[in-house]
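J.: Here it is, the structure in full.
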Amino acid sequence: MADFIRLIVAVYFTAGLICLLLPGRTRGLIWALALAVSLAGFLSFVLIFQQRLSYCSAFLLWDGLSAVVALGISFFGLVISVASLSTIPSATNQYYGYLLWTLGAGVAAVVANHFLLLVVFWGFLAITLYLMINLAGPQAAYPAKKTLIIVGGSDSFLLLGLCLLYVLTGKLSFSEINYQIHSWQGAAAFLCLTVAAFAKAGAMPFHTWIPEISETAWVPVMAFLPASLDKLLGIYLLARVCLHLFSFHPSLWLLLRLAGAVTVVAAVFMALVQHNMKKLLAYHAVSQVGYMVLGVATGTTVGVLGGLFHMINHAVYKCCLFLGAGAVERQTGTSQLDDLGGLARKMPVTFVTFLLASLAISGVPPLNGFFSKWMVYQGLVEAGRSGQTDWVVWLVMAMIGSALTLASFLKIIHSVFLGRTTNQQVNEAPSSLRLALVTLALICVVFGLFYLPVPVSRLLGPATGVPAPALSLSEPLIFIVWGLFLGILIFFLSLLSKKRYAAVFVGGEKLSQQMHVSGTEFYQGVKQLPFLRRMYAGAEKRVFDVYEVGKQIVGYVTELFRAAHSGVLGAYLSWLLFGLLVVLSLFLRV
Amino acid sequence: MGNVILLIALPLAMAFFIPMVGRKVRWLPDVLANITTLGLFVLAGQSWGREGIYTMGGWPAPLGIVLVLDGLSALLLFIINLISFLATLFSVDYLEKLYTSKLRYYSLFLLMVAGMNGAVLTGDFFNLFVFLEIASIASYALVGFGCEAEELEASFKYLVIGSIASTFILLGVALLYGRFATLNMADVASALQHHGFDQVSLFALVLLVVGFCTKAALVPFHAWLPDAHPSAPAPISAMLSGVLIKAIGIYALVRLVYNVFGISPLLASLFTYLGVISMMAGVLLALGQWDFKRLLAYHSISQMGYVILGFGLATPLGLLGGLFHLLNHSLFKSLLFFDSGSVEYETGTRNLEKMGNLVQKMPVTSGSSLMASLSISGIPPFNGFWSKLVIILAAVQAQRPGLALWAVAGSILTLASFSKIQRYAFWGQGKDFDAKLWEGWKEVPVLMRVPLLVLAVLCLGSGLALWHGLKGLFGPAISVLTDGPTAYIAKVLGR
């Protein structure tokens, strides 16, 4: 089996190289190759997964966790390969080359048992990410730079963390280590590894590259990397670190939970006020990571299972949402919410899939997002049973986040698909894109309706190694069903009352076809609330952005250093003399 | 062993032969210079893995001058002659377009190579001083080769600071000679072991250390470098940053400290402090730069900090990291300077704000520069990653995690400043980017592409390939350092 996995990785890399070497004109050939390879990769992982093996050597670790993540990576590789051809404007050879390399490196990083292998492939992923963002041309250069610095910089922390761990334990394989943190070096190693996982997955405070690239990078790149693959990888690392590598102090759990809960709420507030569809989705891609972190950080079986389940669910619906956004942008030429509207009739397939994915991400039953969020909540409650009291705060924050997610998706659905149309000439997305959208939306439904037999038991059961715990779902479901019923009742009752329909007008004038009321304005009010006003102002000045803050500080220090370098020879000579005196005083003291 | 002397004699002779015969035929200087450096590279390759003593004129060790070839000098010889061959190859078209007087250029170039080869081979203090003066003086002239005001100013500053450093070195050598009545390094080492350290020998040590640190451009002795390195023609910058500061700076320092005086805790901690300060100061200064080559020059300071940090840890793993990073730095930094030369060759500017979108016009240059940038920033699988890994691991293993954290911080800032280059020059656009000029830019001539490709492949390949044979490759050099003065004395003096 080890040979088989090695073969798959090698095939991914070789096929990527071939794609890069082929001339860009041979679009069909490249597409066929990429499709064939990613399909073969997916099928082989399905085959391996079916056998429920586990394998462990010095370099390779194949257990329930790496199996499900590797399967996920190969699946999204396939979906994106199918969906991309019609959405990327140029550079087919480079795009598919980098895509296949990403798949190879991603799979290799996930099945790596040796520290060095993980670091190498993890770092390589930063390069392909950088190159894929840069494909969008000069305007993507700045976001790409920022991404490389954040993601590549976090790799250095990964390296440092693993070095610390190696020196502390004397072991180089994940499978051999279960380190009890009792020194500050151990805690430092843990924090270093967490930084790497957070930066890759996009959890706060290392999330800022995702919104930054969202507007410029190609949409399939967004759907592939930040939305699905990087989530899988980042949460994989976090789970590996938290569950297998360390057994640690409650205060570190607390830190993780705090990061998760803050990520959920802060990012969703940012998402509420966005005008750009892709940027809004990007903030949600950050916000949802919070649930995964929260789930893993509960430390209870159901919570961890929920976190991992949410990781898979999020990858599915966020990929669907980004591809839907890509379809809209491709057909209309814009992704600004203010300029869109009424596309539901023009693009029914896109609308329905987008709606399903939106409901899933908002946690509406019976779609998959509801169940994974519920498991995370239950995990928090269970963690509370063991005596900790902090869980209430996190639970409330997570629920607020969920409600606001629904609010912001209502905004996007209304602005893009409902309301008045702005553009007459819009067609449905091309068939390859529709195929991907429908597949992903179907998975949202299936994983929701059959959450226990299909995803939780079959996919994730092996990952945690214990049978899936029972969910106490009956009471909430009754409440939710009643709630939905009441809502529908109110809606129909309102239909009974008399209404007058009139054309939309402003100041007595009828609205022209070009002018239309967009949903975005309804959400600007949130910016005026007393506490939030200051937070939004701060966010606009980017005081919450690690990258920008770091840049400011470093820039200040740099200016100090530069001011010292006046170019005056006398000053330089005095430094030399000063250095000589210092060394002299050190050595002649004795 | 006999042909070791050729490594010094051949470039020295060709330095004067080329101007004599090359005046008439246009292509002759290029061909002769390239053949010479290729020959030197072959010679250096032959001496790889060999050890021995060459006595000049047949006079045995303490009396006459000896050349000592061991693992450490063989490694340096390999680096010097590889980069100088690639630099002459790059010079052919580069000089043609941007400079005049190739004869003087090659003459000075070969003198510099002769000086460096001599400095890493010699086993004699005064001889070391002479060779490093040959190399330094040739480099002063080469820095001012363009004869523009800025270049002459840089050359002047370099000259003044460099001469003071040389004076310190000479004074140190003189003090040692006065104390022990010998100039042979091994002899001095054995005398030190017999008599122990006194104030005179310690003062000499301080003078020599400061002198070599100035040549190696470690903070606070670095001030000449950011002016000098960017002012030189690009292949010379590659030589200066890639090789010169190592051969007459780091190498001489390490040889002095490890093989003559013996590493002491005080020296080791001095090295680590110098390392951390240089690492951070260099990279912080680089971040604010808009001049392509100046940015690179500051990074040389920073990267020398990594190297000396490795040596300061004084564990076998630390030494391995230092030596490995020394080799890697010479590969990726010369590549980066070659890239900057290619960009200057096409665009006529070193200002990042005037560049843009070169990735579409110059695929070889931008591809190789991306690889080199990722190397220097320590991104796997490129070679810089492996050596930084070894250094960080060595620091953690030596119970100095603070040093490892500095190394990581420096690495992230390095990544930041190189992604700046990538952003403005290659992928995006600078502020003063002119699309009309951009239309006319194209890839550089083939002869300039060859060094770029060779080094890019080495940057990628050396990391992966070396990982297997790391011990075998650096083992001899490391054992030279870990065995200390005693083994060195035994080897040279036979006692």
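J.: If you count, for every residue in A:156-168, the Cβ atoms of partner chains within 10 Å of its Cβ, what is the mean? Don't skip to the end; give the middle numbers.
T.: Numbers: counts 16, 4, 1, 11, 12, 1, 4, 11, 5, 1, 3, 8, 1.
Per residue, the number of nearby Cβ atoms from other chains is 6 on average.
J.: Right, another one. For a footprinting-style exposure proxy, rank A:Lys231, A:Lys278, A:Lys171, A:Lys499 by other Cβ within 10 Å, fewest first.
T.: Values: A:Lys231 28, A:Lys278 23, A:Lys171 13, A:Lys499 8.
Neighbour counts put them in this order, fewest first: A:Lys499, A:Lys171, A:Lys278, A:Lys231.
J.: Still on this structure, I have one more. Give the calculated FRET efficiency between A:Ser54 and A:Leu355 to the nearest 0.05, with a Förster radius of 45 Å applied to their Cβ-Cβ distance. Could you put the intermediate results ahead of the total?
T.: Numbers: r = 40 Å, r/R0 = 0.88.
My answer for the efficiency is 0.70.
J.: Using the Cα gyration tensor of segment B:362-495, with a ≥ b ≥ c the square roots of its eigenvalues, what is the shape: rounded (a/c below 1.5), prolate (a/b larger than b/c) or oblate (neither)? Write out the running numbers ahead of the final one.
T.: Numbers: a/c = 3.11, a/b = 1.85, b/c = 1.68.
Verdict is prolate for segment B:362-495.
J.: Cα-Cα over 19 Å: which of B:Lys97/B:Lys431; A:Lys278/A:Lys411; B:Lys293/B:Lys354; A:Lys145/A:Lys200?
T.: Values: B:Lys97/B:Lys431 27 Å; A:Lys278/A:Lys411 13 Å; B:Lys293/B:Lys354 14 Å; A:Lys145/A:Lys200 15 Å.
Result: B:Lys97/B:Lys431 exceed 19 Å.
J.: I would also like to ask the following. Add +1 for every Lys or Arg and -1 for every Asp or Glu among the other residues with Cβ under 12 Å from the Cβ of A:Val296, and state the total.
T.: Values: positive: A:Arg240, A:Arg257; negative: none.
In short, +2.
J.: Near the amide H of A:Asn276, under 5 Å away, which other amide H atoms are found, from residues 5 or more places off or on another chain, if H is placed in the peptide plane?
T.: The answer is A:Leu337.
J.: With N set to the residue count of the protein assembly as shown, report its C-alpha Rg divided by 2.2 N^0.38 Å to two decimal places.
T.: Cα Rg divided by the expected 2.2 N^0.38 Å: 1.02.
J.: Can you pick out the pairs among A:Lys279/A:Lys541; B:Lys215/B:Lys491; B:Lys102/B:Lys420 whose Cα atoms lie more than 26 Å from each other? The partial results should precede the final answer.
T.: Values: A:Lys279/A:Lys541 17 Å; B:Lys215/B:Lys491 28 Å; B:Lys102/B:Lys420 34 Å.
Beyond 26 Å between Cα atoms: B:Lys215/B:Lys491; B:Lys102/B:Lys420.
J.: Local charge sum around B:Ser334 (other residues, Cβ-Cβ under 14 Å, Lys/Arg +1, Asp/Glu -1)? All intermediate terms of the calculation are to be shown ahead of the outcome.
T.: Numbers: positive: B:Lys246, B:Lys293, B:Lys333; negative: B:Asp339.
It works out to a net charge of +2.
J.: Sticking with this structure for a sec: Using label points projected 7 Å from each Cα along Cα→Cβ, tell me how many nm separate A:Ala2 and A:Ser44, to one decimal.
T.: 1.7 nm
J.: Round to a whole angstrom and tell me the spacing of the C-alpha centers of segment B:385-409 and segment A:32-101.
T.: 34 Å
J.: Kindly put A:Arg589, A:Arg257, A:Arg500, A:Arg562 in sequence by how many other C-beta atoms sit within 10 Å of each C-beta, fewest to most. Write out the running numbers ahead of the final one.
T.: Details: A:Arg589 7, A:Arg257 26, A:Arg500 4, A:Arg562 14.
So the residues, fewest neighbours to most, are A:Arg500, A:Arg589, A:Arg562, A:Arg257.
J.: For chain A, what does the relative contact order come out to in percent, with C-alpha contacts under 8 Å and a separation of six or more?
T.: Details: 897 pairs, mean separation 77.5, N = 590.
For chain A, the relative contact order is 13 percent.
J.: Along the Cα→Cβ direction, 7 angstrom out, place labels at B:Asn351 and A:Gln524. What is the inter-label distance in nm?
T.: Distance between the two pseudo-spin positions: 4.1 nm.
J.: With just the Cα atoms defining each centre, how far is segment A:401-419 from segment B:151-200? Give it in Å.
T.: The two parts, judged by their Cα centres, are 75 Å apart.
J.: Now for a different question. Need one number: nm distance between label points at B:Glu150 and A:Ser175, each 7 Å from Cα along Cα→Cβ, rounded to one decimal.
T.: 5.9 nm
J.: What percentages, rounded to whole numbers, describe P(r) for segment A:333-459 computed over all alpha carbon pairs with 5 Å bin width beginning at zero?
T.: Whole-percent P(r) values from 0 Å outward: 2, 10, 15, 17, 16, 14, 10, 7, 5, 3, 1, 0, 0.
J.: Give the relative contact order (percent, whole number) for chain B; include only Cα pairs under 8 Å separated by 6+ residues.
T.: Numbers: 882 pairs, mean separation 79.3, N = 495.
For chain B, the relative contact order is 16 percent.
J.: Using a 10 Å cut-off on Cβ to Cβ distances, tally the other chain neighbours for every residue of B:269-278 and report the average as a whole number. Please report the intermediate quantities before stating the final value.
T.: Values: counts 1, 4, 0, 0, 2, 2, 0, 0, 0, 0.
Mean inter-chain Cβ contacts per residue within 10 Å come to 1.
J.: Still on this model: Taking the number of other C-beta atoms within 10 Å as the exposure measure, put B:His325, B:His195 in order starting with the fewest. Working shown, then result.
T.: Working: B:His325 26, B:His195 11.
Fewest to most other Cβ atoms nearby, the residues stand as B:His195, B:His325.
J.: Using θ = phi - 60° and the Karplus relation 6.51 cos²θ - 1.76 cosθ + 1.60, list the HN-Hα couplings for segment B:474-481 in order, rounded to whole Hz, with x at every Gly or Pro.
T.: After applying 6.51 cos²θ - 1.76 cosθ + 1.60, I find 9, x, x, 5, 5, 5, 4, 6 Hz.
J.: Another one. List the residues whose amide H sits under 5 Å from the amide H of A:Phe246, counting only those 5 or more places along or on another chain, with H placed 1.01 Å from N in the peptide plane.
T.: So A:Phe246 has HN proximity to A:Tyr179.
J.: List the residues, sorted by chain then number, that are 5 or more residues from A:Lys171 or on another chain and whose placed amide H is less than 5 Å from its amide H.
T.: Answer set, sorted by chain and number: none.
J.: Decide, for chain A, between rounded, prolate and oblate: order the square roots of the alpha carbon gyration tensor eigenvalues as a ≥ b ≥ c, take rounded if a/c falls under 1.5, and otherwise choose prolate if a/b is larger than b/c, else oblate.
T.: It is rounded, given that a/c, with a ≥ b ≥ c, falls under 1.5.
J.: When the Karplus curve 6.51 cos²θ - 1.76 cosθ + 1.60 is applied with θ = phi - 60°, which whole-Hz ³J(HN,Hα) does each residue of segment A:116-133 get, with x for Gly and Pro?
T.: Result, ordered by residue: 4, 4, 4, 4, 5, 6, 4, x, 4, 4, 5, 5, 5, 4, 4, 5, 5, 5 Hz.
J.: When Lys and Arg each count +1 and Asp and Glu each count -1, what net charge do the other residues less than 15 Å away from B:Ile169, Cβ to Cβ, add up to?
T.: Computed value for this residue: 0.
J.: With θ set to phi - 60° and the Karplus curve 6.51 cos²θ - 1.76 cosθ + 1.60, what are the ³J(HN,Hα) couplings of segment A:561-574 in order, to the nearest whole Hz, using x for Gly and Pro?
T.: 5, 5, 4, 5, 8, 7, x, 7, 4, x, 4, 4, 5, 5
J.: Does anything in segment B:111-149 have its amide N under 14 Å from the 7 Å Cα→Cβ label point of B:Arg50, and if so which residues?
T.: none
Any read-out appearing in this document is the output of simple, stated calculations on the displayed coordinates, not a laboratory observation. Keep in mind that what you see is a predicted model, and the values were worked out from it rather than measured. Don't worry about glycine lacking a Cβ; one is built from the backbone with ideal geometry, like all the others, and counts go over all protein chains shown.
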